[in-house]
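> The structure follows.
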Number of protein chains: 2
Amino acid sequence: MAPPPSIVVSPFVSLIVRILTFVCLLISLIVLTTATGTASNSDYGDIKIKFKDFRAFRYLCAATVIGLVYTLLQTVLTIIHVSTGNRFGGDGLVYIDFYGDKVVSYIVATGAAASFGMTQDLKNMVDIEGLGISHFIRTTDAAASLCLLGFLFVAISSIFSSFALPKRS
Amino acid sequence: MAPPPSIVVSPFVSLIVRILTFVCLLISLIVLTTATGTASNSDYGDIKIKFKDFRAFRYLCAATVIGLVYTLLQTVLTIIHVSTGNRFGGDGLVYIDFYGDKVVSYIVATGAAASFGMTQDLKNMVDIEGLGISHFIRTTDAAASLCLLGFLFVAISSIFSSFALPKRS
């Protein structure tokens, strides 16, 4: 099987993928941070719950923030590339793109996975309807789903930045 | 910043990383599948629990199995490469390595993350000492940690397979 000819990804396509990543992660963060619920328990009465009460959601929050900051920086660099035609920082920065995309894609993927891992079993173990937190869990699941979608776009960026690595001898 | 000169990774180094991945994932799978606990509850009496009772652990199990099968295949191909000096399948297969390593590393990373996401909050929400499943949770945490270590090695393989992509024009 012959390898396909050299694939050069247009900076405009890269920019669109970065913007889609940013939008998904931003909505994910907004949905997560505004999610609230009230757990009703016969022993303790009503308890207000937020995403901060769960380690998995705190990790999801950190993952989306890291993803957002990184994507914003990359979006600005890509806009400079598209508008001026010159890659800011030259060829040396392709390694930073390559490792950055790799690491951030793992962080975002594990953020979504940790949240899903927690909520899927929470639904089985605890009577969340009885506790009155089923709406809260559905909202956080939506945030994790958006983070997962954001991850897919970071993974695409990561493939692009691998293709952009300089010539091998 | 000038890019570093072309990095050619020895197939022998690739082989060692593949073997380390395989060992970590195999021990993780053994630890996970042999983990058992007995939950004691005043309402239901003693209930035997296994990893299959939790969605997050079932996903971890699937992730390690996928990682093991893929790593075994890659180890065999790398052994052929090291012993004959020729890359089985030629240059065309570098794309399969590249995408394979990428996808498998995400699967293994999310497997570990889903398990940790579940157990970290389980410890907070449920009195696991009182239920008598703290030993079970510690064992599954060990399996997830080994899976995470395996992921680091797959991620290294993924970096190597990105460097092995053919020349760009």
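Coordinate-derived values only; no laboratory data. Small disclaimer: the values here were computed from a predicted structure and weren't measured. Backbone-built Cβ (ideal geometry, glycine too); neighbour counts: all protein chains shown.
> Work out the mean other chain Cβ neighbour count within 10 Å for the residues of B:105-115 and drop it here as an integer.
For peptide B:105-115, the averaged partner shielding equals 6.
> Across region B:21-163, what fraction of all alpha-carbon pairs, as a whole percent, falls in each successive 5 Å bin from zero upward?
2, 10, 18, 19, 14, 11, 9, 6, 5, 3, 2, 1, 0
> What order do you get for B:V76, B:V104, A:V9, A:V108 when you list them from fewest to most C-beta neighbours inside 10 Å?
Fewest-to-most ranking of B:V76, B:V104, A:V9, A:V108: B:V76, A:V9, B:V104, A:V108.
> Given the convex hull over the Cα atoms of region A:52-110, what projected area results after averaging over all orientations, in nm²?
Its Cα hull, projected and averaged over all orientations, spans 4.2 nm².
> Taking Cα centroids, how far is region A:12-72 from region A:107-155 in Å?
Measuring centre to centre over Cα atoms gives 10 Å.
> Which entries of A:K50/A:K123; A:K52/A:K102; A:K123/B:K102; A:K102/B:K102; A:K123/B:K123; A:K52/B:K123 have Cα-Cα distances beyond 19 Å here?
With Cα atoms farther than 19 Å apart: A:K52/A:K102; A:K123/B:K102.
> Here's something else I'd like to know. Hey, what number do you get for chain A at 222 nm if only DSSP H runs of n ≥ 4 count, each worth -39500 (n - 2.57), divided across all residues, to the nearest 500?
-25500 deg cm²/dmol
> Same structure again: Please average, across the residues of B:151-162, the number of beta carbons from any other chain that are within 10 Å of each residue's own beta carbon, and give a whole number.
Average neighbour count from other chains, rounded to a whole number: 2.
> Same structure again: Search the structure for amide H atoms under 5 Å from the amide H of B:T38, placed 1.01 Å from N in the peptide plane, and list their residues when 5 or more places away or on another chain.
Long-range HN contacts for B:T38: B:I49.
> From the label point of B:K48, set 7 Å from Cα along Cα→Cβ, how far away are the matching label points in the other copies, in nm, ordered shortest to longest?
Copy-to-copy label distances for B:K48: 4.7 nm.
> With +1 on each Lys and Arg Cβ and -1 on each Asp and Glu Cβ, how big is the dipole of chain A about its Cα centre, in debye rounded to the nearest 20?
500
> Further question on the same structure: Which order do B:L149, A:L60 fall in if you start with the one that has the fewest other Cβ atoms within 10 Å?
The order, fewest Cβ neighbours first, is B:L149, A:L60.
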